[in-house]
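K.L.:
Before I ask anything, here is the structure I am working with.
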Amino acid sequence: MSLLDKLDAVAAARKALLPEGLEVFGTPIEEVYSATEARVGDRRILFLGTNNYLGLTFAPECLQAAHEALDKEGTGTTGSRMANGSYSGHRALEREFADFYHCHSGIVFTTGYQANLAMISGLAGAGDVVLIDGDSHASIYDGCRLSGAEIIRFRHNDVADMEKRLRRLGERSRSTLIVAEGIYSMLGDQAPLAEIVSIKNAYNSILLLDEAHSLGVLGKTGQGLVEETGLIDGVDFITGTFSKSLGSIGGYCVSNHPQLDQLRYISRPYIFTASPSPATIASARAALKLLRDGTELRRQLWQNSRQLYARLKALGYQLGPQPGPVIANILDSPQQALMLWKGLLDHGIYVNLILPPAAPEGKALVRCSVSAAHTSEQMDHVGDVFAELRKSIFQ
Amino acid sequence: MATDYNDILLRLCFHLKQFTSPDVIIIPETDLINELAIDSVKLLNLVMEIEDEFDISVPLNALADVQTVHDLANLIHHIKSAK
């Protein structure tokens with residue numbers, strides 16, 4: 001099969017699954033009105049799948065900071081930090097992230113995806129082992145591949161299964177990097193961090209926790225699962241992203257290990273890419289302040305999340321195991337998921353459609369992500385639409 | 001003592017039966033993807049069962065070269081023998 005034939009096969013598979021003319025992936029958004037509303041075609045829609053957990057994408061403080069940076073430092077850095085230098089904003093944000101987590105140091109990356117790629121491939125190499133949760137994000141899998149280390153999976157959130165695999169490694173557990181996530185992006189459940197830390201200590205391994213979906217969501221000041229559980233000292237490296245609760249784009253890692261800084265000289269996803277633009281860094285810095293002081297935002301976020309989760313559960317939808325801002329409706333077939341996704345869009349609600357193999361266990365998901373910027377009335381309306389669709393699609 | 005290859009093959013075929021219809025005949029040359037329709041997700045789940053069955057760890061990296069039932073049995077045999 002030629003290179004282009006392979007792409008034709010991909011197109012044929014997608015065509016067989018998806019109706020003609022329906023742009024499920026990369027739906028065109030014509031106008032964005034606010035953190036929660038936009039226009040698709042000629043329809044005003046409610047965003048319910050954007051991971052904009054704190055609703056900060058239009059926060060005046062973030063907009064102003066981005067505007068000022070744009071005027072002062074231009075549209076882009078046009079190169080990597082190693083070649084083109086580190087702007088004051090990059091350095092300041094790294095210091096602010098380290099302070100936020102009360103850690104020794106921090107590194108900023110161009111995207112959250114690259115943060116995981118850079119950290120995993122920088123920490124582990126040939127001869128080492130990376131032990132990952134089966135439901136890990138693609139950035140974790142790709143980081144593992146880039147590292148050249150042996151990749152071993154454990155069953156999702158199953159600490160007994162994780163320990164069994166460490167035991168099998170024997171002495172190699174000492175050169176093993178364990179990777180878990182604060183909140184898992186597809187099902188919205190949290191890692192059993194206390195047990196993971198305890199096992200990691202017993203086997204002298206290193207633990208990296210990705211707080212991409214838990215930053216701003218969990219913990220008194222929004223640090224994530226490390227703060228919610230009081231276990232920050234048990235985690236060696238914390239990664240995360242600016243593209244969810246911070247409403248910008250970029251990634252970070254913080255650690256108390258002084259060796260973190262050496263990643264700047266060996267990690268290809270850090271070295272060989274352009275650094276974040278001044279405006280994205282400036283808005284992320286402003287958002288981090290709002291996030292840290294965002295107790296009221298978190299209260300509203302959790303109120304909305306619990307309200308919608310309880311309503312969908314009562315309607316009989318099969319959901320992820322834990323209430324939270326990521327609410328996954330688990331469907332038995334891609335066709336069911338597609339009908340629900342389209343039904344929601346026809347009612348002006350835009351969510352995420354996740355089809356196999358991206359969905360865990362070969363299922364299909366209709367994934368909602370709730371925001372602090374949503375209102376209780378909007379959650380009621382979403383619940384009403386789900387109720388109507390349950391009757392028309394599933395009964 | 002290293003587990004015999006034929007014993008591994010037998011036990012592996014037992015696991016593979018769970019992923020296929022009962023009338024499918026599995027032989028060492030059977031192609032996992034094209035003949036048994038074991039996609040990447042099913043293969044990863046199968047590997048976890050195999051790991052428990054043989055008390056081994058199969059690195060995901062090693063699966064890139066696995067095409068047939070024989071390839072998988074051989075990989076398990078190799079890992080088991082190296083323990």
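The values are calculated or read from the model by the stated rules, or taken from the named source; none is laboratory data. Since the model is a prediction, treat every value here as computed from it, not as a measurement. FYI the Cβ positions are ideal-geometry reconstructions off the backbone, even for glycines, and counts take in every protein chain you see. Heavy atoms of the whole protein, side chains included, go into the accessibility calculation; ligands, DNA and RNA do not. Shrake-Rupley method; radii C 1.70, N 1.55, O 1.52, S 1.80 Å.
K.L.:
Go through the stretch A:8-29 and give me each residue that's open to solvent by 100 Å² or more (accessible area, probe 1.4 Å) and either modelled with pLDDT of 95 or more or not hydrophobic (A, V, I, L, M, F, W, C) (or both).
P.N.:
A:Arg14, A:Lys15, A:Glu20, A:Glu23 - these are the residues of the stretch A:8-29 that are open to solvent by 100 Å² or more (accessible area, probe 1.4 Å) and either modelled with pLDDT of 95 or more or not hydrophobic (A, V, I, L, M, F, W, C) (or both).
K.L.:
When the stretch A:374-391 is examined, which residues are found to be within 26 Å of the chain's Cα centre (by Cα) and open to solvent by less than 50 Å² (accessible area, probe 1.4 Å)?
P.N.:
Listed by number, the residues that qualify are A:His374, A:Ser376, A:Gln378, A:Met379, A:Val382, A:Gly383, A:Phe386.
K.L.:
Those residues that are open to solvent by 70 Å² or more (accessible area, probe 1.4 Å) and either part of a loop (DSSP other than H, G, I, E, B) or touching a strand residue (DSSP E or B) at 6+ places or on another chain (Cβ under 9 Å) (or both), I need them from the stretch A:74-90; list them, please.
P.N.:
Passing the criteria: A:Thr75, A:Thr78.
K.L.:
Let me ask something else about it. Has the stretch A:67-75 got at least one residue that is of a type in the set (A, V, I, L, M, F, W, C) and touching a residue at least 24 places away in the same chain (Cβ under 8 Å)? So that I can check it myself, show each step before the final result.
P.N.:
To start, the set of residues in the stretch A:67-75 that are of a type in the set (A, V, I, L, M, F, W, C) comprises A:69-70.
Keeping just the survivors that are touching a residue at least 24 places away in the same chain (Cβ under 8 Å) gives A:69-70.
Taking every residue of the stretch A:67-75 in turn, at least one turns out to be of a type in the set (A, V, I, L, M, F, W, C) and touching a residue at least 24 places away in the same chain (Cβ under 8 Å).
Conditions tested, residue by residue: (1) more than 14 Å from every other protein chain (Cβ to nearest Cβ); (2) in contact (Cβ under 8 Å) with a residue 40 or more places away in the chain; (3) surrounded by fewer than 21 Cβ atoms within 10 Å (Cβ to Cβ); (4) part of a strand (DSSP E or B).
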| residue | (1), (2), (3), (4) |
| --- | --- |
| A:Leu63 | yes, yes, yes, no |
| A:Phe97 | yes, yes, no, no |
| A:Ile107 | yes, yes, no, yes |
| A:Ala115 | yes, yes, no, no |
| A:Ile140 | no, yes, no, no |
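K.L.:
Quick test for you: out of A:Gln336, A:Gln322, pick the one residue that is within 20 Å of A:Gly182 (Cβ to Cβ) and in contact (Cβ under 8 Å) with a residue 40 or more places away in the chain.
P.N.:
Details: A:Gln336 fails: within 20 Å of A:Gly182 (Cβ to Cβ).
Only one candidate qualifies: A:Gln322.
K.L.:
Could you pull out every one of the helices (runs of 4 or more DSSP H) wholly within the stretch B:1-82 that has 3 or more residues that are more than 10 Å from chain A (Cβ to nearest Cβ) and over 18 Å from A:Ile132 (Cα atoms)? Before the answer, list the steps.
P.N.:
Details: elements: B:5-17, B:40-54, B:69-82.
In the stretch B:1-82, B:5-17, B:69-82 are the helices (runs of 4 or more DSSP H) which contain 3 or more residues that are more than 10 Å from chain A (Cβ to nearest Cβ) and over 18 Å from A:Ile132 (Cα atoms).
Yes or no, residue by residue, for (1) in a loop (DSSP other than H, G, I, E, B); (2) within 23 Å of A:Met82 (Cβ to Cβ):
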position	(1), (2)
A:His213	yes, no
A:Val217	yes, no
A:Val226	no, no
A:Leu246	yes, no
A:Asp261	no, yes
A:Tyr270	no, yes
A:Ala279	no, yes
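K.L.:
A further question on this structure: Name the one entry in A:Asp135, A:Asp99 that is at pLDDT below 95, in the same structural domain as A:Ile206 (by TED's automatic domain parsing), within 21 Å of A:Gly224 (Cβ to Cβ) and of a type in the set (D, E, K, R).
P.N.:
After ruling out the rest, the residue left standing is A:Asp135.
Each row is one residue, and each column tells you yes or no for (1) away from chain B (no Cβ under 11 Å); (2) open to solvent by 40 Å² or more (accessible area, probe 1.4 Å); (3) touching a helix residue (DSSP H, G or I) at 6+ places or on another chain (Cβ under 9 Å).
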position: A:Ala126; (1), (2), (3): no, yes, yes
position: A:Gly148; (1), (2), (3): no, yes, yes
position: A:Phe154; (1), (2), (3): no, no, yes
position: A:Thr176; (1), (2), (3): no, no, yes
position: A:Tyr184; (1), (2), (3): yes, no, yes
position: A:Leu187; (1), (2), (3): yes, no, yes
